[in-house]
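Colleague: A single structure is presented below for examination.
The values are calculated or read from the model by the stated rules, or taken from the named source; none is laboratory data. Note that the structure is a prediction, hence the values are computed from the model and not measured. Neighbour counts run over all protein chains shown; Cβ positions are idealised from the backbone, glycine included. Ligands, DNA and RNA are excluded from the accessible area calculation, which covers all protein heavy atoms including side chains. Shrake-Rupley method; radii C 1.70, N 1.55, O 1.52, S 1.80 Å.
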Amino acid sequence: GSGVVVTLGNLILTDGNLTFADGHGIDFGAGGSGTSTSNFLDEYEEGYMTATLTADSGTITVSSANDILNYIKIGGLVSLTGRIRTSAVSSPSGKVKLNLPFVILDLLEDSNRASGTLYLQNGTGAINTYGIHPTSDANQYIEIGRIDGTAFDLQIGDEFDGNELLYFSIQYRAA
């Protein structure tokens, strides 16, 4: 047969894939709660991205042997994880940014902030003194900062010496 069985309103695939034309997906109807603006799932993607670190001035080189992060995108929700290693620096200073695989969705107020966990090993400070500064509004990066217990210090470029390990787990809504 065709590999498709419809019984009592249920669709059962016994073989093959469920494929949608561009612009189509799974519509969960109007059963959402709160102020839901979409009940439509139109994308699933798993992939890898090449990470780069950018300082306001100077450079931070990510080792080509340790520069891959992996992501899963379900609808507009992106989860990004992995570890990268720096291999060289040339007088970095100012803010340090990590690129993201997708642009951050521009939502109401601060509801679009990218957030997550970062451990920076072999930095000037202790491994747990660094974090992700939540960026938003159509950016395609997050900022890395030092946390002093009450605020972020984003001017940390000069704290990199080319021997850092950075562990990431980041979540955000993509445009």
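Colleague: Can residue 106 be described as among the acidic types (Asp, Glu) and within 30 Å of residue 20 (Cα to Cα)?
Modeller: yes
Colleague: Search segment 115-124 for residues being in a loop (DSSP other than H, G, I, E, B) and modelled with pLDDT under 90, and hand back the single one that is surrounded by the most Cβ atoms within 10 Å (Cβ to Cβ).
Modeller: The residue in question is 123.
Colleague: For residue 39, only one of the following conditions fails: (1) within 19 Å of residue 140 (Cα to Cα); (2) at pLDDT below 80; (3) polar (S, T, N, Q). What is its number?
Modeller: The one condition residue 39 does not meet is (1).
Colleague: Between 142, 127, which is of a type in the set (A, V, I, L, M), within 21 Å of the chain's Cα centre (by Cα) and open to solvent by 70 Å² or more (accessible area, probe 1.4 Å)?
Modeller: 127
Colleague: If only one of 88, 65 is open to solvent by 60 Å² or more (accessible area, probe 1.4 Å) and over 25 Å from residue 173 (Cβ atoms), which one is it?
Modeller: Unique residue meeting the criteria: 65.
Colleague: Looking at segment 73-85 only, could you name the residues that are open to solvent by 60 Å² or more (accessible area, probe 1.4 Å) and under 16 Å from residue 51 (Cβ atoms)?
Modeller: 83, 85
Colleague: Looking only at segment 97-114, decide whether some residue is over 15 Å from residue 160 (Cα atoms), open to solvent by 60 Å² or more (accessible area, probe 1.4 Å) and assigned to a strand (DSSP E or B).
Modeller: Within segment 97-114 (the criterion being over 15 Å from residue 160 (Cα atoms), open to solvent by 60 Å² or more (accessible area, probe 1.4 Å) and assigned to a strand (DSSP E or B)), the answer is no, since none of the residues qualifies.
Colleague: Moving on. Against the conditions (1) in a strand (DSSP E or B); (2) at pLDDT 95 or above, where does residue 131 fall short? Just the number, please.
Modeller: In the conditions (1) in a strand (DSSP E or B); (2) at pLDDT 95 or above, residue 131 misses (2) alone.
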